[in-house]
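A short write-up of the structure that comes next.
The values are calculated or read from the model by the stated rules, or taken from the named source; none is laboratory data. Please read all numbers here as calculations on a predicted model, not as lab measurements. Heads up: the accessible areas ignore ligands, DNA and RNA and are worked out on the full protein's heavy atoms, side chains in. Shrake-Rupley method; radii C 1.70, N 1.55, O 1.52, S 1.80 Å.
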Amino acid sequence: ENCFYKNKSLQELNAPKLETMEYGCFDNNENLEILNIQELKAMPNRCFENNKKLKELNAPKLKSMGYQCFRDNEIIEKINIPELEKMDSYCFRQNKSLKELNVPKLEEMGRECFAENKILETLNIPELKEMGARCFEQNKSLKKLYAPKLEIMVDGCFRNNEILETLNIPELKIMGYGCFRHNKSLKELNAPKLEGAEKHAFMKRALRRK
């Protein structure tokens, strides 16, 4: 637990056979830039929160991430996690530089996973079925989200988004409270199987629903 917490000098981690990690292992690292964790299967809470220089993560066997794993990272741009199935809350909240995320098997996302991201523009999550509360709240640059199997959106998922225009979610059945509240640019939503939307789901939006 907290193995390298607030480390100031570590620049590279080469642990190709590492399978498990403890809580907060690399939280608040100042100079860690490169990670080689090819065999890691589960990442516990706050592992890389508040990292200052981490640029890229390649974790080909990772299946689950605990909460706040990469919250408040400053320069990480690319993350490749092809086997990831579950992402806990706040994982990428307030990321400043994230541009690309490869998660083709992700099925479940916790609350505020991508809230207040600065430059993430496109996200492809083909297996996603459930999205936690406020997942994409106050995103500044998100333009496109591809989630063809999404069935449940909890409260405030796209609240206060600034440039999202089109959303295609053909399997969506349940939409929580205020999902698109105060959306500034949403024009088109394709949700032909939607069964119910809670209060204020589309309050103060400019929307044409198919």
Surface per residue (accessible, 1.4 Å probe) for the chain, Å² | 47
Alpha-carbon radius of gyration plus Dmax, which is the widest Cα pair, for region 32-97 in Å = 10.6, 27
Protein accessible area in region 1-51, 1.4 Å probe - carbon and sulfur % = 43
Please tell me the relative contact order of the chain in percent, rounded to the nearest whole number, where contacts are Cα pairs under 8 Å and at least six residues apart.
-> 10
Projected area averaged over all directions for the convex hull of the alpha carbon atoms of region 59-109, nm², comes out at 3.0
In whole percent, the fraction of accessible protein surface over region 54-210 that belongs to carbon or sulfur atoms, probe radius 1.4 Å, stands at 43
May I have the pair-distance distribution P(r) for region 22-145, computed from all Cα-Cα distances with 10 Å bins from 0 and rounded to whole percent?
-> 15, 52, 31, 2
Taking Cα atoms of the chain, Rg/Rh with Kirkwood Rh, to two decimals?
-> 1.00
With no solvent and one point on each alpha carbon, what is the Debye value of log10 I(q)/I(0) for region 78-170 at q = 0.11 Å⁻¹?
-> -0.24
Quick one: if you take sqrt(5λ) for each eigenvalue of the C-alpha gyration tensor of region 130-190, what semi-axes come out, biggest first, whole angstrom?
-> 16, 13, 9
Potential lengthening between ALA42 and TYR23 on full extension [0.36 nm per residue; Cα-Cα distance subtracted] | 5.7 nm
To the nearest µm²/s, what D does Stokes-Einstein give for region 1-61 at 37 °C and 0.692 mPa s, using the Kirkwood radius over alpha carbon pairs as Rh?
-> 289
LEU10 to LYS96: extension gain in nm, 0.36 nm per residue of separation minus the Cα-Cα distance?
-> 28.8 nm
Compare LEU13, LEU101, LEU128 in a GNM of the chain, Cα atoms joined below 10 Å, and give the one with the largest fluctuation.
-> LEU13
Ranked order, PHE114, PHE4 - accessible area, probe 1.4 Å, largest first = PHE4, PHE114
